[in-house]
1. If you average the alpha carbon positions of the stretch 550-571 and of the stretch 348-400, how far apart do those two centres end up, in angstrom?
2. So what is the 222 nm mean residue ellipticity for the chain from helices alone, if each DSSP H run of at least 4 adds -39500 (n - 2.57) and you divide by all residues, rounding to the nearest 500 deg cm²/dmol?
3. Could you do me a favour and compute the accessible area per residue for the chain, 1.4 Å probe, result in Å²?
4. Determine, for each peptide in 412-425, 334-347, 135-148, the mean count of other beta carbons within 10 angstrom over its residues, then list the peptides with the highest first.
5. Compute the helix-to-body angle for 551-565: its Cα long axis versus the longest principal axis of the chain, expressed 0 to 90° and rounded to tens.
6. Sort Leu456, Leu522 by heavy-atom solvent-accessible area, probe 1.4 angstrom, most to least.
7. When N counts the residues of the stretch 293-448, how does its alpha-carbon radius of gyration compare numerically with 2.2 N^0.38 Å, as a ratio?
8. Mind pulling the angle between the C-alpha long axis of helix 228-246 and the longest principal axis of the chain? Nearest 10 degrees, somewhere in 0 to 90.
Amino acid sequence: MKIVKRDGKIVPYDKQKIIVAISKANAEVNESERVTDDEIKKIVKYIEGLKKERMLVEEVQDIIEKQLVLLDKYELSKAYMLYRYQRALVRKANTTDESILSLIRNTNKELAEENSNKSTTLASTQRDYIAGEVSRDLTKRILLPEKITKAHEEGVLHFHDADYFVQPIFNCCLINISDMLDNGTVMNGKMIESPKSFQVACTVMTQIIAAVASNQYGGQSVNIAHLGKYLRKSKEKFIRKLTEKYEKTLTKKQIEEMATDRLKDELSAGVQTIQYQINTLMTTNGQSPFVTIFMYLKEDDEYIEENAMIIEEILKQRYEGIKNEKGVYVTPAFPKLIYVLDENNNLTGGKYDYLTELAIKCSSKRMYPDYISAKMMRENYEGNVFSPMGCRSFLSTWKDEKGNYKFEGRFNQGVVSINLPQIGLEVDGNEDEFWKLFDERLELCKEALMCRHYALLGTTSDISPVHWQYGAIARLKKGEKIDKYLKDGYSTISLGYIGIYELTKIIKGVPHTDPEGEKFALKVMNHLRSKCEEWKKETGLGFGLYGTPAESLCYKFARIDKEKYGVIKDITDKGYYTNSYHVDVREKIDAFSKLKFESQFQPISSGGAISYIEVPNMQHNLEALTEVVKFIYDNIQYAEFNTKSDFCHECGFDGEIEVDDDLNWVCPNCGNKDKSKMNVTRRTCGYLGENFWNVGKTKEIKSRVTHL
């Protein structure tokens, strides 16, 4: 017989634990109320006589209580019940007081580091964090099954976004911006009709983005291609008005030139509106909207020329940056940019290669855009090319009743991630035992994911009119339930995973870049994917495998496991686990080999995946970046650049960060000393003279450093 514990872990039945528990209760009552050793043995024999393959630990405890009552040991039964109740109270004690007070005092380091886009010092953001702490507390104590809460706290899995779970809102989405612009929408009870110009369309789009972000908790994406028709409307309007005014004095060509000049001004102003509105708006979540702009020149698009102009202007303005409070141009966090490589712009003589060259130049200075290969994506998604939701979560393919593929207007219900290295550590590297425990924990993840689904079932459209009534997702009636959009794969629900690299090291003793490790890693990935497919068939829900972007989770899982299993070389000694299927940063591998190796995991992780490569001194390595972008098109679906050079995020300076007389890192361009806003790759110095000096804590040593 197996016993299912509160955290979902399955352990062998141990009768001694029953004997000990009853004996402890015995000690709490008068001798006349106690049961004898023989009576305890009879209770044990009764439980064993049920011949069940597995029992919940709570079920065993219920049986013990009933058996004590049947023996007329009411006081003992009461003592046993009281003990259970007291333990339950301890588990469900309020946990918010100290976390909220520490937030107000600005001493809650964990919250301060949780989301770099939200400042814990601002009153508006603090209100959102306070609500989030209350939500976490209610989620842990009341809304989730106890075993899911325990598994979350012990790092078995991670129940993402518990700070929003108390509300029936979802994760991320692809806004149906085309429907909202073309057919109008309603915000704050006010009708917004279809725009008549590009400038107005840009303004309306940012208003929609802010409203959507305030009523969900994850990222959102908009396809910029839907603005092309409004740019053409503006040009037609300029030509019409200029013709009415000057047709007798100017030629058609002159009018066309004047209209083009005015259009360029409106194009610049419209894109600036998008950039500045997104970075200055504050949502009810206490941050700028987490929005991604998808830039794709589809060959059969009627407005491809207009969209090429829009993309060019977006890239130019992102390259320039936005001024901070000191008047220094900096890299804005939003919107995220994704640039699609296709036959018409893959640097092999395509018409729009000039845009790709501009995108690479922009990446070299501002880290964005990311790159998607249309060629590889079509292979993975039945010939379709579409944006991720936010920056990494992908929808599965879905067709409407007419057989047409649909992506915009769809969303993700939520995420639960599994800690893979912990399973390997728990079984001490035994591969046979690993696969057994792996399946048990996957079932626990499934139960946690179903909690997300059930929490949304029965929700009415009134919860967020902009989503459900006015076009972002649907156009339901007031009071109508959203249930049909939760089922049949219309929306996704995601299983995340952390630590393929570490798991492979634990089980196989080699990294997953080794041939033996690679075979095992792919087997694990395919098993994760097959479970998602199995759950799809069983429930009709859109389960997907998701290379989660939870970098902070990599640290959380590693910290929990280090406390439990100690310091283990190459596993818990690093302070982090490697995200999803990625190659560990300490592996010696070149950029092209890394992308090629990781490309085989992306089609398996169809619910979301991205690969990173680091390029030193990117502004001085445009040729290298260009070669990598060409490689991305032919080899991997989704990738982005990081840099190994020093970089100041406050001003965009890409050079050597210096040290002042007090031994603080300082940007020579803007004077920034905030280490959280800069990358510094060198922690020691190579003195260019006769000796090698470490950076010390005294000015005397620092003065002898010539290169830092």
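The values are calculated or read from the model by the stated rules, or taken from the named source; none is laboratory data. Not measured: the values here are computed from a predicted model. Methodologically, a virtual Cβ is constructed for each residue, glycine included, from the backbone with ideal geometry; neighbour enumeration extends over all protein chains shown. Calculation scope for accessible area: heavy atoms of the full protein, side chains included, ligands and nucleic acids excluded. Shrake-Rupley method; radii C 1.70, N 1.55, O 1.52, S 1.80 Å.
1. What the calculation gives is 33 Å, centre to centre.
2. On the way: 24 runs with 317 residues, N = 708.
Calculated at 222 nm, the ellipticity per residue is -14000 deg cm²/dmol.
3. Values: 32810 Å² over 708 residues.
Here the residues of the chain average 46 Å² of exposed surface.
4. On the way: 412-425: 25.5, 334-347: 21.7, 135-148: 18.5.
Going by the mean number of other Cβ atoms within 10 Å, highest first, we get 412-425, 334-347, 135-148.
5. Approximately 20 degrees, to the nearest 10.
6. Working: Leu456 5, Leu522 40 Å².
Descending order: Leu522, Leu456.
7. Working: Rg = 21.1 Å, N = 156, 2.2 N^0.38 = 15.0 Å.
Computed over Cα atoms of the stretch 293-448, the ratio equals 1.41.
8. That helix lies at roughly 30 degrees to the long axis.
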